[in-house]
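Below you'll find the structure, written out as C-alpha coordinates, and then a few comments.
The values are calculated or read from the model by the stated rules, or taken from the named source; none is laboratory data. All figures in this text were calculated on a predicted structure; none of them were measured in a lab. All Cβ positions, even for glycine, are placed from backbone atoms using ideal geometry, and neighbour counts span all protein chains on display. Heads up: the accessible areas ignore ligands, DNA and RNA and are worked out on the full protein's heavy atoms, side chains in. Shrake-Rupley method; radii C 1.70, N 1.55, O 1.52, S 1.80 Å.
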Amino acid sequence: MTTTAITNIASLVTNDPSLGNGTPLGLIQDAAVVIEGDRIVWTGESSKAPATDNAVDADGRAVIPGFVDSHSHLLFAGDRTQEFNARMSGRPYSAGGIRTTVAATRAASDDELSANVARYLAEALRQGTTTFETKSGYGLTVEDEARALRIAARHTDEVTYLGAHVVPADYADDPAGYVDLVTGPMLNACAPHARWIDVFCEKGAFDGDQARAILTAGKASGLHPRVHANQLTYGPGVQLAVELDAASADHCTHLTDADVDALGQGGTVATLLPGAEFSTRAHWPDARRILDAGATVALSTDCNPGSSFTSSMPFCVALAVRDMGMTPDEALWSATAGGAAALRRTDVGRIAPGARADLVLLDAPSHVHLAYRPGVPLVSAVWQRGERAL
(Lines give C-alpha, C1' and ligand atoms only; values in the text may rest on other atoms or scores of the structure.)
Protein backbone atom coordinates (compact mmCIF):
# COMPACT_ATOMS: atom_id res chain seq x y z
CA MET A 1 0.00 0.00 0.00
CA THR A 2 1.20 3.51 -0.77
CA THR A 3 1.66 6.09 1.95
CA THR A 4 0.68 9.74 1.83
CA ALA A 5 1.71 12.53 4.19
CA ILE A 6 -0.29 15.70 4.63
CA THR A 7 2.22 18.21 5.97
CA ASN A 8 2.40 21.86 6.96
CA ILE A 9 -0.94 21.68 8.80
CA ALA A 10 -1.39 24.82 10.90
CA SER A 11 -3.75 23.11 13.35
CA LEU A 12 -4.62 19.41 13.43
CA VAL A 13 -7.66 18.24 15.40
CA THR A 14 -7.06 14.63 16.43
CA ASN A 15 -9.80 14.22 19.08
CA ASP A 16 -7.19 12.26 21.01
CA PRO A 17 -5.89 14.21 24.04
CA SER A 18 -2.85 11.91 24.31
CA LEU A 19 -1.61 12.99 20.90
CA GLY A 20 -1.90 16.74 21.26
CA ASN A 21 -2.30 19.49 23.80
CA GLY A 22 -4.25 17.47 26.36
CA THR A 23 -7.64 18.98 25.52
CA PRO A 24 -10.48 16.85 24.16
CA LEU A 25 -9.60 18.05 20.65
CA GLY A 26 -5.99 16.86 21.00
CA LEU A 27 -4.72 19.80 18.95
CA ILE A 28 -1.29 19.59 17.31
CA GLN A 29 0.18 22.77 15.83
CA ASP A 30 2.41 22.73 12.72
CA ALA A 31 1.40 19.12 12.23
CA ALA A 32 1.41 16.25 9.74
CA VAL A 33 -0.68 13.13 9.15
CA VAL A 34 0.39 9.95 7.38
CA ILE A 35 -2.15 7.74 5.61
CA GLU A 36 -1.50 4.15 4.55
CA GLY A 37 -4.30 2.45 2.67
CA ASP A 38 -7.54 3.43 4.38
CA ARG A 39 -5.98 4.08 7.81
CA ILE A 40 -4.13 6.75 9.73
CA VAL A 41 -0.69 5.41 10.68
CA TRP A 42 1.05 8.47 12.14
CA THR A 43 0.35 11.97 13.47
CA GLY A 44 2.73 14.50 14.95
CA GLU A 45 4.77 17.59 14.27
CA SER A 46 5.36 18.26 10.59
CA SER A 47 9.12 18.41 11.01
CA LYS A 48 9.12 14.83 12.34
CA ALA A 49 6.98 13.26 9.64
CA PRO A 50 8.41 10.02 8.22
CA ALA A 51 9.20 9.62 4.54
CA THR A 52 6.20 8.63 2.40
CA ASP A 53 5.42 7.78 -1.21
CA ASN A 54 3.30 10.91 -1.70
CA ALA A 55 3.00 14.28 0.00
CA VAL A 56 0.31 16.94 0.17
CA ASP A 57 1.15 20.44 1.41
CA ALA A 58 -1.68 21.81 3.57
CA ASP A 59 -0.14 25.26 3.15
CA GLY A 60 -0.87 26.41 6.69
CA ARG A 61 -4.50 25.31 6.80
CA ALA A 62 -6.38 23.27 9.41
CA VAL A 63 -7.25 19.58 9.22
CA ILE A 64 -10.15 18.06 11.15
CA PRO A 65 -11.72 14.60 11.27
CA GLY A 66 -14.49 13.99 8.75
CA PHE A 67 -17.89 14.90 10.20
CA VAL A 68 -19.99 12.01 11.52
CA ASP A 69 -23.68 12.70 10.86
CA SER A 70 -25.43 10.21 13.12
CA HIS A 71 -29.05 11.22 12.40
CA SER A 72 -30.57 11.70 8.95
CA HIS A 73 -33.68 10.75 6.97
CA LEU A 74 -32.46 10.50 3.37
CA LEU A 75 -34.77 7.79 2.02
CA PHE A 76 -37.56 9.95 0.63
CA ALA A 77 -38.99 11.46 -2.55
CA GLY A 78 -40.29 14.97 -3.19
CA ASP A 79 -40.00 17.93 -0.86
CA ARG A 80 -42.27 20.08 1.30
CA THR A 81 -41.44 23.54 0.01
CA GLN A 82 -45.01 24.80 0.34
CA GLU A 83 -45.19 23.68 3.96
CA PHE A 84 -41.90 25.43 4.81
CA ASN A 85 -42.92 28.60 2.94
CA ALA A 86 -46.22 28.78 4.80
CA ARG A 87 -44.56 28.21 8.17
CA MET A 88 -41.94 30.89 7.57
CA SER A 89 -44.61 33.28 6.25
CA GLY A 90 -46.91 32.84 9.22
CA ARG A 91 -49.67 31.25 7.17
CA PRO A 92 -51.70 28.19 8.18
CA TYR A 93 -50.94 25.02 6.26
CA SER A 94 -53.08 21.92 6.39
CA ALA A 95 -51.27 19.45 4.12
CA GLY A 96 -50.15 16.11 5.45
CA GLY A 97 -46.65 16.74 6.81
CA ILE A 98 -44.83 13.41 7.13
CA ARG A 99 -47.72 11.69 5.39
CA THR A 100 -47.12 13.87 2.30
CA THR A 101 -43.58 12.51 2.10
CA VAL A 102 -44.85 8.98 2.72
CA ALA A 103 -47.13 9.22 -0.33
CA ALA A 104 -44.33 10.55 -2.55
CA THR A 105 -41.85 7.94 -1.31
CA ARG A 106 -44.21 5.04 -1.86
CA ALA A 107 -44.79 6.26 -5.43
CA ALA A 108 -41.07 6.59 -6.27
CA SER A 109 -39.06 3.84 -7.94
CA ASP A 110 -36.06 2.14 -6.36
CA ASP A 111 -33.77 3.92 -8.79
CA GLU A 112 -35.26 7.31 -7.96
CA LEU A 113 -34.85 6.76 -4.22
CA SER A 114 -31.29 5.51 -4.59
CA ALA A 115 -30.39 8.46 -6.79
CA ASN A 116 -31.82 10.85 -4.20
CA VAL A 117 -29.73 9.30 -1.43
CA ALA A 118 -26.60 9.46 -3.58
CA ARG A 119 -27.25 13.11 -4.41
CA TYR A 120 -27.68 14.15 -0.78
CA LEU A 121 -24.62 12.16 0.25
CA ALA A 122 -22.51 13.85 -2.41
CA GLU A 123 -23.82 17.19 -1.16
CA ALA A 124 -22.86 16.26 2.41
CA LEU A 125 -19.42 15.02 1.34
CA ARG A 126 -18.67 18.40 -0.24
CA GLN A 127 -19.27 19.86 3.22
CA GLY A 128 -16.99 17.39 4.99
CA THR A 129 -19.30 14.56 6.07
CA THR A 130 -17.58 11.19 5.68
CA THR A 131 -19.78 8.97 7.90
CA PHE A 132 -23.54 9.07 8.10
CA GLU A 133 -26.53 7.21 9.46
CA THR A 134 -29.88 7.18 7.70
CA LYS A 135 -33.32 5.82 8.46
CA SER A 136 -36.43 4.42 6.89
CA GLY A 137 -39.73 5.87 8.10
CA TYR A 138 -41.37 7.21 4.95
CA GLY A 139 -42.75 3.88 3.79
CA LEU A 140 -44.79 2.64 6.76
CA THR A 141 -45.77 -0.62 5.09
CA VAL A 142 -43.85 -3.87 5.35
CA GLU A 143 -42.81 -3.73 1.71
CA ASP A 144 -41.92 -0.03 1.61
CA GLU A 145 -39.95 -0.01 4.85
CA ALA A 146 -37.93 -3.08 3.82
CA ARG A 147 -37.31 -1.52 0.39
CA ALA A 148 -36.04 1.70 1.97
CA LEU A 149 -33.59 -0.18 4.15
CA ARG A 150 -32.30 -2.30 1.30
CA ILE A 151 -31.59 0.88 -0.66
CA ALA A 152 -30.00 2.60 2.34
CA ALA A 153 -27.71 -0.36 2.93
CA ARG A 154 -26.18 0.17 -0.53
CA HIS A 155 -24.90 3.53 0.67
CA THR A 156 -24.00 3.10 4.36
CA ASP A 157 -23.53 0.50 7.10
CA GLU A 158 -25.36 2.75 9.57
CA VAL A 159 -28.96 1.92 8.69
CA THR A 160 -31.87 2.44 11.07
CA TYR A 161 -35.33 0.87 10.97
CA LEU A 162 -37.88 3.60 11.77
CA GLY A 163 -41.19 1.95 11.01
CA ALA A 164 -42.38 3.72 14.17
CA HIS A 165 -42.14 7.22 12.69
CA VAL A 166 -45.86 8.00 12.79
CA VAL A 167 -49.03 5.92 12.68
CA PRO A 168 -50.09 5.88 9.02
CA ALA A 169 -53.57 7.02 7.97
CA ASP A 170 -54.81 3.48 7.33
CA TYR A 171 -54.15 2.64 11.00
CA ALA A 172 -55.45 5.91 12.45
CA ASP A 173 -58.22 4.08 14.28
CA ASP A 174 -56.02 1.15 15.31
CA PRO A 175 -52.64 2.38 16.60
CA ALA A 176 -52.21 -0.83 18.62
CA GLY A 177 -52.57 -2.79 15.41
CA TYR A 178 -49.82 -0.71 13.82
CA VAL A 179 -47.51 -1.35 16.78
CA ASP A 180 -48.19 -5.06 16.28
CA LEU A 181 -47.21 -4.68 12.61
CA VAL A 182 -44.03 -2.73 13.47
CA THR A 183 -42.96 -5.30 16.05
CA GLY A 184 -44.02 -8.32 13.97
CA PRO A 185 -44.04 -8.72 10.18
CA MET A 186 -42.42 -5.36 9.46
CA LEU A 187 -39.59 -5.98 11.93
CA ASN A 188 -39.01 -9.46 10.49
CA ALA A 189 -38.70 -8.01 6.98
CA CYS A 190 -36.52 -5.07 8.02
CA ALA A 191 -34.12 -6.44 10.62
CA PRO A 192 -31.80 -8.16 8.10
CA HIS A 193 -31.09 -4.80 6.44
CA ALA A 194 -30.54 -2.59 9.51
CA ARG A 195 -28.21 -2.14 12.45
CA TRP A 196 -30.49 0.09 14.55
CA ILE A 197 -34.13 0.51 15.54
CA ASP A 198 -35.65 3.91 16.28
CA VAL A 199 -39.02 5.23 17.46
CA PHE A 200 -40.55 8.71 17.51
CA CYS A 201 -41.56 8.78 21.19
CA GLU A 202 -43.72 11.88 21.25
CA LYS A 203 -47.27 13.05 21.82
CA GLY A 204 -49.08 12.42 18.55
CA ALA A 205 -46.70 9.63 17.56
CA PHE A 206 -45.87 6.79 20.02
CA ASP A 207 -46.22 6.94 23.79
CA GLY A 208 -43.79 5.48 26.32
CA ASP A 209 -45.41 2.06 26.51
CA GLN A 210 -45.60 1.73 22.74
CA ALA A 211 -42.01 2.89 22.35
CA ARG A 212 -40.81 0.40 24.95
CA ALA A 213 -42.58 -2.47 23.17
CA ILE A 214 -41.11 -1.46 19.80
CA LEU A 215 -37.54 -1.02 21.04
CA THR A 216 -37.65 -4.20 23.11
CA ALA A 217 -38.82 -6.18 20.10
CA GLY A 218 -36.05 -4.65 18.04
CA LYS A 219 -33.41 -5.61 20.60
CA ALA A 220 -34.74 -9.19 20.58
CA SER A 221 -34.18 -9.21 16.80
CA GLY A 222 -30.59 -8.01 17.14
CA LEU A 223 -31.14 -4.30 16.49
CA HIS A 224 -29.81 -1.68 18.88
CA PRO A 225 -32.07 1.18 20.02
CA ARG A 226 -31.97 4.89 19.25
CA VAL A 227 -34.84 7.18 20.21
CA HIS A 228 -36.40 10.38 18.85
CA ALA A 229 -36.88 11.85 22.32
CA ASN A 230 -38.34 15.01 23.86
CA GLN A 231 -38.38 17.08 20.69
CA LEU A 232 -41.79 18.73 20.87
CA THR A 233 -42.57 18.51 24.56
CA TYR A 234 -41.55 16.84 27.80
CA GLY A 235 -42.02 13.09 27.78
CA PRO A 236 -40.61 9.68 28.65
CA GLY A 237 -38.29 9.33 25.63
CA VAL A 238 -34.96 10.33 27.17
CA GLN A 239 -35.28 8.23 30.30
CA LEU A 240 -36.54 5.28 28.27
CA ALA A 241 -33.49 5.61 26.01
CA VAL A 242 -31.12 5.54 28.98
CA GLU A 243 -32.97 2.63 30.60
CA LEU A 244 -32.74 0.54 27.42
CA ASP A 245 -29.09 1.49 26.80
CA ALA A 246 -29.97 3.25 23.56
CA ALA A 247 -26.94 4.55 21.71
CA SER A 248 -28.54 7.97 21.46
CA ALA A 249 -31.51 10.06 22.51
CA ASP A 250 -32.05 12.46 19.64
CA HIS A 251 -33.40 16.04 19.83
CA CYS A 252 -33.45 16.42 23.66
CA THR A 253 -35.08 19.84 23.34
CA HIS A 254 -37.39 19.67 26.38
CA LEU A 255 -35.61 18.15 29.38
CA THR A 256 -36.46 17.93 33.06
CA ASP A 257 -33.72 17.84 35.67
CA ALA A 258 -34.31 14.08 35.93
CA ASP A 259 -33.79 13.73 32.16
CA VAL A 260 -30.52 15.64 32.32
CA ASP A 261 -29.34 13.59 35.29
CA ALA A 262 -30.16 10.35 33.45
CA LEU A 263 -28.11 11.45 30.44
CA GLY A 264 -25.22 12.47 32.68
CA GLN A 265 -25.16 9.16 34.49
CA GLY A 266 -25.95 6.79 31.59
CA GLY A 267 -24.18 5.72 28.44
CA THR A 268 -26.68 7.24 26.02
CA VAL A 269 -25.45 10.11 23.84
CA ALA A 270 -27.61 13.24 23.62
CA THR A 271 -27.77 14.00 19.90
CA LEU A 272 -28.78 17.60 19.24
CA LEU A 273 -30.23 18.60 15.88
CA PRO A 274 -30.21 22.41 15.58
CA GLY A 275 -31.32 22.36 11.95
CA ALA A 276 -34.77 21.30 13.16
CA GLU A 277 -35.08 24.22 15.57
CA PHE A 278 -33.79 26.61 12.91
CA SER A 279 -36.29 25.40 10.31
CA THR A 280 -39.29 25.41 12.64
CA ARG A 281 -38.41 28.44 14.80
CA ALA A 282 -38.65 26.18 17.82
CA HIS A 283 -37.00 26.42 21.23
CA TRP A 284 -33.26 25.66 21.09
CA PRO A 285 -31.87 22.70 23.05
CA ASP A 286 -29.73 23.79 26.00
CA ALA A 287 -26.45 22.08 25.18
CA ARG A 288 -24.65 23.83 28.01
CA ARG A 289 -26.95 22.28 30.59
CA ILE A 290 -26.46 18.79 29.14
CA LEU A 291 -22.68 19.13 28.88
CA ASP A 292 -22.38 20.47 32.41
CA ALA A 293 -24.18 17.36 33.65
CA GLY A 294 -21.38 15.23 32.20
CA ALA A 295 -23.33 13.80 29.26
CA THR A 296 -21.83 13.09 25.86
CA VAL A 297 -23.29 15.33 23.15
CA ALA A 298 -23.41 14.75 19.40
CA LEU A 299 -24.43 17.20 16.69
CA SER A 300 -26.19 16.04 13.54
CA THR A 301 -28.19 17.49 10.68
CA ASP A 302 -31.50 15.59 10.95
CA CYS A 303 -31.59 16.04 7.17
CA ASN A 304 -35.22 15.47 6.15
CA PRO A 305 -37.67 17.15 3.80
CA GLY A 306 -40.02 18.52 6.45
CA SER A 307 -38.28 20.05 9.44
CA SER A 308 -34.54 20.22 8.67
CA PHE A 309 -33.69 20.06 4.98
CA THR A 310 -29.97 20.67 5.41
CA SER A 311 -27.02 18.35 4.85
CA SER A 312 -24.49 20.84 6.23
CA MET A 313 -22.66 19.85 9.40
CA PRO A 314 -20.69 23.16 9.37
CA PHE A 315 -24.03 24.99 9.50
CA CYS A 316 -25.09 22.91 12.52
CA VAL A 317 -21.76 23.64 14.23
CA ALA A 318 -22.33 27.37 13.75
CA LEU A 319 -25.89 27.15 15.11
CA ALA A 320 -24.74 25.19 18.16
CA VAL A 321 -22.14 27.84 18.99
CA ARG A 322 -24.43 30.79 18.32
CA ASP A 323 -27.66 29.56 19.90
CA MET A 324 -27.09 26.47 22.06
CA GLY A 325 -24.33 27.51 24.44
CA MET A 326 -21.51 25.41 22.98
CA THR A 327 -17.95 26.57 22.50
CA PRO A 328 -16.38 26.15 19.04
CA ASP A 329 -14.23 23.31 20.44
CA GLU A 330 -17.23 21.51 21.94
CA ALA A 331 -19.29 21.88 18.78
CA LEU A 332 -16.58 20.46 16.55
CA TRP A 333 -15.94 17.54 18.93
CA SER A 334 -19.67 16.79 19.02
CA ALA A 335 -19.93 16.88 15.22
CA THR A 336 -17.08 14.38 14.86
CA ALA A 337 -16.21 12.26 17.91
CA GLY A 338 -19.66 12.84 19.41
CA GLY A 339 -21.34 11.50 16.31
CA ALA A 340 -19.02 8.50 16.38
CA ALA A 341 -20.02 7.86 20.00
CA ALA A 342 -23.70 8.06 19.00
CA LEU A 343 -22.98 5.28 16.50
CA ARG A 344 -20.79 3.43 18.99
CA ARG A 345 -17.84 3.67 16.63
CA THR A 346 -14.19 4.14 17.57
CA ASP A 347 -12.75 4.02 14.07
CA VAL A 348 -14.18 7.35 12.86
CA GLY A 349 -14.46 10.86 14.27
CA ARG A 350 -10.77 11.09 15.18
CA ILE A 351 -7.37 11.34 13.52
CA ALA A 352 -5.14 8.86 15.30
CA PRO A 353 -3.16 5.75 14.37
CA GLY A 354 -5.56 2.93 13.56
CA ALA A 355 -8.50 5.18 12.80
CA ARG A 356 -10.09 5.26 9.38
CA ALA A 357 -8.48 7.91 7.20
CA ASP A 358 -11.40 10.34 6.99
CA LEU A 359 -10.03 13.90 7.01
CA VAL A 360 -11.16 17.36 6.01
CA LEU A 361 -8.80 20.15 4.95
CA LEU A 362 -10.29 23.54 5.75
CA ASP A 363 -9.56 26.71 3.83
CA ALA A 364 -8.76 28.34 7.17
CA PRO A 365 -5.99 28.11 9.76
CA SER A 366 -8.26 26.87 12.57
CA HIS A 367 -11.44 24.86 13.11
CA VAL A 368 -12.86 27.89 14.93
CA HIS A 369 -13.56 29.42 11.51
CA LEU A 370 -16.46 26.96 11.09
CA ALA A 371 -18.43 29.04 13.59
CA TYR A 372 -16.54 32.30 13.04
CA ARG A 373 -17.40 32.38 9.31
CA PRO A 374 -20.86 30.77 9.11
CA GLY A 375 -22.17 29.97 5.67
CA VAL A 376 -18.76 30.22 4.01
CA PRO A 377 -17.70 27.08 2.07
CA LEU A 378 -14.53 26.34 4.01
CA VAL A 379 -14.07 22.68 3.04
CA SER A 380 -11.10 22.61 0.67
CA ALA A 381 -10.45 18.86 0.38
CA VAL A 382 -11.82 15.60 1.79
CA TRP A 383 -10.23 12.17 2.24
CA GLN A 384 -12.61 9.29 2.80
CA ARG A 385 -11.23 5.84 3.66
CA GLY A 386 -7.80 7.13 2.64
CA GLU A 387 -8.88 8.22 -0.85
CA ARG A 388 -9.02 11.83 -1.97
CA ALA A 389 -12.78 12.27 -2.45
CA LEU A 390 -12.88 16.03 -3.03
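Only residues that are among the aliphatic types (A, V, I, L, M) and either surrounded by fewer than 16 Cβ atoms within 10 Å (Cβ to Cβ) or over 16 Å from the mean Cα position of the chain (by Cα) (or both) were counted across segment 115-136, and they come to 3. The listed residues are Ala247, Ala262, and the only one of them that is more than 28 Å from Gly375 (Cβ to Cβ), open to solvent by less than 50 Å² (accessible area, probe 1.4 Å) and touching a His at 6+ places or on another chain (Cβ under 8 Å) turns out to be Ala247. In this structure, Val117 does not qualify as at pLDDT below 95, within 24 Å of Asp144 (Cβ to Cβ) and touching a Leu at 6+ places or on another chain (Cβ under 7 Å). When every residue of segment 169-185 is checked against the conditions, at least one turns out to be in contact (Cβ under 8 Å) with a residue 60 or more places away in the chain and over 24 Å from the mean Cα position of the chain (by Cα).
Across segment 194-211, which residue is surrounded by the fewest Cβ atoms within 10 Å (Cβ to Cβ) among those that are closer than 11 Å to Gln231 by Cβ and charged (D, E, K, R)? Top of the filtered list is Lys203.
The residues of segment 361-390 that are in a loop (DSSP other than H, G, I, E, B), open to solvent by 50 Å² or more (accessible area, probe 1.4 Å) and of a type outside the set (Gly, Ala, Ser), listed by number, are Asp363, Pro365, Val368, Arg373, Pro374, Val376, Pro377, Arg385, Leu390.
Taking segment 27-43 as the range and being open to solvent by less than 30 Å² (accessible area, probe 1.4 Å) and either in contact (Cβ under 8 Å) with a residue 24 or more places away in the chain or among the basic types (Lys, Arg) (or both) as the test, the residues that pass are Ala31, Ala32, Val33, Val34, Ile35, Gly37, Ile40, Thr43. Taken over segment 215-243, the criterion of being surrounded by 24 or more Cβ atoms within 10 Å (Cβ to Cβ) and in a helix (DSSP H, G or I) is satisfied by Leu215, Gly218, Gly237, Val238, Ala241. Evaluation of Pro50 against the conditions (1) surrounded by fewer than 19 Cβ atoms within 10 Å (Cβ to Cβ); (2) within 19 Å of Ala148 (Cα to Cα) shows that the sole unmet condition is (2).
Residues checked against (1) out of contact with any Asp or Glu (no Cβ under 7 Å at 6 or more places or on another chain); (2) of a type outside the set (A, V, I, L, M):
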| residue | (1), (2) |
| --- | --- |
| Val260 | yes, no |
| Val269 | yes, no |
| Leu272 | yes, no |
| Ala287 | yes, no |
| Leu291 | no, no |
| Thr296 | yes, yes |
| Leu299 | yes, no |
| Ser308 | no, yes |
| Leu319 | yes, no |
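Quick one: would you say Ala282 is within 25 Å of Pro236 (Cβ to Cβ), in contact (Cβ under 8 Å) with a residue 24 or more places away in the chain, of a type in the set (Gly, Ala, Ser) and buried (at least 24 other Cβ atoms within 10 Å of the Cβ)? Taking the combined requirement at face value, the residue does not satisfy it.
Considering only residues in segment 70-114 that are outside any loop (DSSP other than H, G, I, E, B) and of a type in the set (Gly, Ala, Ser), the one that is most open to solvent (accessible area, probe 1.4 Å) turns out to be Ala107. Just to be sure, is Leu272 touching a Ser or Thr at 6+ places or on another chain (Cβ under 7 Å) and modelled with pLDDT of 95 or more? Criteria not met by Leu272. Scanning segment 244-278 for residues that are assigned to a helix (DSSP H, G or I) and farther than 20 Å from Leu343 by Cβ turns up Asp257, Ala258, Asp259, Val260, Asp261, Ala262, Gly264, Gln265, Glu277, Phe278.
Within segment 150-186, the only residue that satisfies the criterion of being over 16 Å from Glu133 (Cβ atoms), open to solvent by less than 50 Å² (accessible area, probe 1.4 Å) and among the aromatic types (Phe, Trp, Tyr) is Tyr178. When Asp358 is tested against (1) within 23 Å of Gly60 (Cβ to Cβ); (2) among the acidic types (Asp, Glu); (3) open to solvent by 40 Å² or more (accessible area, probe 1.4 Å), exactly one condition is not met: (3).
Quick grid of which residues meet (1) farther than 18 Å from Val376 by Cβ; (2) buried (at least 24 other Cβ atoms within 10 Å of the Cβ); (3) under 17 Å from the mean Cα position of the chain (by Cα):
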| position | (1), (2), (3) |
| --- | --- |
| Thr296 | yes, no, yes |
| Ser308 | yes, no, yes |
| Met313 | no, yes, yes |
| Ala318 | no, no, yes |
| Asp329 | yes, no, no |
| Trp333 | yes, yes, yes |
| Gly339 | yes, yes, yes |
| Ala342 | yes, yes, yes |
| Pro353 | yes, no, no |
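The residues on offer are Asp209, Asp180, Asp144, and the sole one that is in a helix (DSSP H, G or I) and touching a Ser or Thr at 6+ places or on another chain (Cβ under 8 Å) is Asp144.
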